[in-house]
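Asker: Structure in structure tokens, see below.
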Amino acid sequence: MIAPVVILAAIILGAIFSSPEETDSSDGQTSTAVEPTEELAEEPTEAPAEAPTDEPTETLAGEPTDEPTEAPAEEPTDEPAEAPAEKPAEPVAVPDDGCRYVGVDDFGDMQVEMTATSPFDDIADLAIDFALADGDGVRFATAFTSIDDVRPGETVRIPTDTLEPLPGDVDESQIDCSVLSIEDFGFGTRTSPAPSDSCEYLGLDDFDDMQVRIDVVNPFNDTADLIVTIGMYDQDGFRFATPVEFIDQAQPGEAIRSDVDTITSTPPNVNPTGINCEILSFDQF
């Protein structure tokens, strides 16, 4: 009975202390079993965040972008900006009778434009007194102008130099001009022209003085030193100048042609291409 117990104990102890070997059934060799080792799974590495940058992000050509496009700054230029064309000044209306202040000349003297209609029934030499007043209605200057051989009812427009400087305490924009009186100061043996007497405007000379040619016949019955009065008319039919021509020793009925330098320039509001002239009268000196 003892032997079987001993054998069983030996088998148990042998099983405990023996190494685990696998027997290859094909060739009888034994091999040590290798337990599979568990590989650690690689954790995905997170890419470091890019640092912010001030450089603009380049956009692919053709991709729409919601960001506003900044216009390039214009380079400064030394060239002055071209000013808009100025409109021409509106013409100033002139009353049929009266005067208006127009400014000062190169010498600082006040200039006016006189417009007057002859109130007389016969041809007259007009003497016109006028006054200049400031914005308060106080008269500060009185002046005189004249024009010869004005026909009954004829309206004349006379540029006038007052020969007076503008006072320093007077506002130019407030100056008022008014006519005080119109008188006839004519004298002598004035005679009206014949229908055949004529005047032709030739143009301006190098000094911008008007040049005319007159064809006249001495109207007097004896030899005379003639004063021929000429009227210069603007494009609107207003007389603006009255030059004279002196002709010595004109025989009775003699026809005379003379080119005349009027020694008068055109006012700024007169178009030189619209000027006409007429013979107004003859007189003797």
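The values are calculated or read from the model by the stated rules, or taken from the named source; none is laboratory data. Note that the coordinates shown come from a computational prediction; the quantities given were computed from them, not determined experimentally. All Cβ positions, glycine included, derive from the backbone under ideal geometry; neighbour counts span all protein chains shown. Side chains included, ligands, DNA and RNA excluded: accessible areas come from the protein's heavy atoms. Shrake-Rupley method; radii C 1.70, N 1.55, O 1.52, S 1.80 Å.
Asker: How many of the residues in region 120-175 are surrounded by fewer than 16 Cβ atoms within 10 Å (Cβ to Cβ), part of a loop (DSSP other than H, G, I, E, B) and under 32 Å from the mean Cα position of the chain (by Cα)?
Answerer: Of the residues in region 120-175, 5 are surrounded by fewer than 16 Cβ atoms within 10 Å (Cβ to Cβ), part of a loop (DSSP other than H, G, I, E, B) and under 32 Å from the mean Cα position of the chain (by Cα).
Asker: If you scan region 176-187, which residues turn out to be open to solvent by 60 Å² or more (accessible area, probe 1.4 Å), more than 29 Å from the chain's Cα centre (by Cα) and not aliphatic (A, V, I, L, M)?
Answerer: Passing the criteria: E183, D184, F185, F187.
Asker: Here's a follow-up. What's the number of the only condition in (1) touching a residue at least 60 places away in the same chain (Cβ under 8 Å); (2) closer than 19 Å to G186 by Cα; (3) not small (G, A, S) that E245 fails to meet?
Answerer: If we test E245 against (1) touching a residue at least 60 places away in the same chain (Cβ under 8 Å); (2) closer than 19 Å to G186 by Cα; (3) not small (G, A, S), just (1) comes out false.
Asker: Considering region 257-285 alone, what residues qualify as being of a type in the set (A, V, I, L, M) and crowded, with 17+ Cβ neighbours inside 10 Å?
Answerer: Selection gives V260, V270, I275, I279, L280.
Asker: State all residues of region 86-113 that are at pLDDT 90 or above and either part of a loop (DSSP other than H, G, I, E, B) or in contact with a Pro (Cβ under 9 Å, 6 or more places away or on another chain) (or both); if no residue qualifies, say none. Step through it out loud before you land on a result.
Answerer: Filtering region 86-113 down to residues at pLDDT 90 or above leaves 99-113.
Selection gives V102, V104, D105, D106, F107, G108, D109, M110, Q111, V112, E113.
Asker: Next up: So which residues in region 193-210 are in contact (Cβ under 8 Å) with a residue 40 or more places away in the chain and open to solvent by 80 Å² or more (accessible area, probe 1.4 Å)?
Answerer: Within region 193-210, E200, L202, F207, D208 qualify.
Asker: Within region 179-224, which residues are in a strand (DSSP E or B), closer than 30 Å to T142 by Cα and at pLDDT below 95?
Answerer: V179, L180, S181, I182, E183, D184
Asker: Here's a check for you: in region 232-250, which residue that is acidic (D, E) and out of contact with any helix residue (DSSP H, G or I) (no Cβ under 9 Å at 6 or more places or on another chain) is least open to solvent (accessible area, probe 1.4 Å)?
Answerer: Among those residues, the one meeting the criterion is E245.
Asker: While we're looking at this one, here's another question. Step by step: first the residues of region 225-269, then only those that are of a type in the set (D, E, K, R) and within 18 Å of V150 (Cβ to Cβ), then the one that is modelled with the lowest pLDDT. Which residue is that?
Answerer: D236
Asker: Regarding E254, is this residue crowded, with 17+ Cβ neighbours inside 10 Å and within 16 Å of P193 (Cβ to Cβ)?
Answerer: Numbers: crowded, with 17+ Cβ neighbours inside 10 Å: no; within 16 Å of P193 (Cβ to Cβ): yes.
When the stated conditions are applied, E254 does not pass them.
Asker: Now, a different point. When you scan region 250-285, how many residues do you find that are free of Cβ contacts under 8 Å to residues at least 40 places away in the same chain and not in a strand (DSSP E or B)?
Answerer: Selection size over region 250-285: 8.
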